[in-house]
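Accompanying notes for the structure given below.
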Amino acid sequence: MSQITTQTVRYQAGETALAGTLVFPSETTHPLPGLVMAPNWFGVTDNAAKLAKKVAEQGYVVLLADLYGESSRPTNPDEAGAAMMAVKNTPEEVGRMNAAIDALKSQTAVAVDAQKISAFGFCFGGHCALELARSGTDIRAAISFHGGLDTCGAYDATQIKAAILVLDGAKDPLVPREQLPAFVNEMTTVNVDWQLVSYHDAVHSFTDETANNPGVAEFNPQVTERAFTSMFELLKRVN
């Protein structure tokens, strides 16, 4: 296992001060591919940083993005829901993802290959990654783990430049099942490299070790490993 360095990165999105977490292998000899990670609705947490480290160990520089602002750190579901709904389906959703990309490219702690930038996210963060791709931002890939597949409708899918990978729990009650055929229809009407993988018996938050609401949001270690393997396979292909 690689030694991993973690440090706070402060940056701006308009007037909003943001504080993300930069995670990368401690010893690098050349620029590494960069990833912006959009966390679940609780935002920048220790649990999110743990997932970022899992990815960084595979040879990536990961910026765990702050989607809410440095002063907003939800501590319960009500606070998380309010913070999420203030951003979701507004220009800030993609704006703060783009601000994280800029911060990842401009930080000086570790060399990043600016031509090999992708985005991934969990739950709300998965939605953020997909909306970023829909907006036409020039990234290599966008990966969603148990995220919503709906869109605010402000973007033209023909502008997508990224390969798309959706990793879905087949029994996820929090992502309405009708979103899947709508997403498939959206992707098949444009020239996009896309995949949708729906895992048997998985529900929401299958990557979250703290999720323990049976039948609704529940950690599934086997599906988690399969899903991350799929992400790493895609990233190797597009990079």
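The values are calculated or read from the model by the stated rules, or taken from the named source; none is laboratory data. Fair warning: this is a prediction, and the values are worked out from it, not measured in the lab. Cβ: placed from backbone, ideal geometry, glycine included. Neighbour counts: every protein chain shown. All accessible areas refer to the heavy atoms of the entire protein, side chains included, with ligands and DNA or RNA removed. Shrake-Rupley method; radii C 1.70, N 1.55, O 1.52, S 1.80 Å.
Here is a yes/no grid of residues against (1) closer than 18 Å to residue 233 by Cα; (2) modelled with pLDDT of 95 or more; (3) touching a helix residue (DSSP H, G or I) at 6+ places or on another chain (Cβ under 8 Å); (4) not in a loop (DSSP other than H, G, I, E, B):
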site: 144; (1), (2), (3), (4): yes, yes, yes, yes
site: 149; (1), (2), (3), (4): no, yes, yes, no
site: 152; (1), (2), (3), (4): no, no, yes, no
site: 155; (1), (2), (3), (4): no, no, yes, no
site: 171; (1), (2), (3), (4): no, yes, no, no
site: 175; (1), (2), (3), (4): no, yes, no, no
site: 195; (1), (2), (3), (4): yes, yes, yes, yes
site: 198; (1), (2), (3), (4): yes, yes, yes, yes
site: 202; (1), (2), (3), (4): no, yes, yes, no
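Output the residue which, of all residues in the stretch 26-58 that are over 13 Å from residue 208 (Cα atoms) and without any contact (Cβ under 8 Å) to a residue 40 or more places away in the chain, is surrounded by the fewest Cβ atoms within 10 Å (Cβ to Cβ). Looking at residues that are over 13 Å from residue 208 (Cα atoms) and without any contact (Cβ under 8 Å) to a residue 40 or more places away in the chain, I get 29. Taking the conditions (1) over 18 Å from the mean Cα position of the chain (by Cα); (2) touching a residue at least 12 places away in the same chain (Cβ under 8 Å) in turn, residue 214 satisfies each one other than (2).
For every residue, the table says whether it meets (1) more than 27 Å from residue 151 (Cβ to Cβ); (2) in contact with an Asp or Glu (Cβ under 8 Å, 6 or more places away or on another chain); (3) crowded, with 21+ Cβ neighbours inside 10 Å.
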| site | (1), (2), (3) |
| --- | --- |
| 76 | yes, no, no |
| 79 | no, no, no |
| 82 | no, no, no |
| 90 | no, no, no |
| 96 | no, yes, yes |
| 103 | no, no, yes |
| 106 | yes, no, no |
| 110 | yes, no, no |
| 113 | yes, no, no |
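Say whether the condition of being closer than 15 Å to residue 123 by Cα and of a type outside the set (S, T, N, Q) is met by at least one residue in the stretch 149-158. For the stretch 149-158, residues closer than 15 Å to residue 123 by Cα and of a type outside the set (S, T, N, Q): present. With respect to residue 224, determine if the residue is surrounded by 13 or more Cβ atoms within 10 Å (Cβ to Cβ), in a loop (DSSP other than H, G, I, E, B) and among the β-branched types (Val, Ile, Thr). No: the conditions fail for residue 224. Candidates in the stretch 121-174 are the residues that are more than 13 Å from the chain's Cα centre (by Cα) and closer than 14 Å to residue 97 by Cα; of these, the one that is surrounded by the fewest Cβ atoms within 10 Å (Cβ to Cβ) is 138.
At least 3 residues being in contact with a Pro (Cβ under 8 Å, 6 or more places away or on another chain) and of a type in the set (A, V, I, L, M, F, W, C) is the threshold, and among the strands (runs of 3 or more DSSP E) wholly inside the stretch 1-97 not one reaches it.
Going by the structure shown, is residue 182 under 25 Å from residue 90 (Cβ atoms), open to solvent by less than 70 Å² (accessible area, probe 1.4 Å) and modelled with pLDDT of 95 or more?
So residue 182 fits the description; yes.
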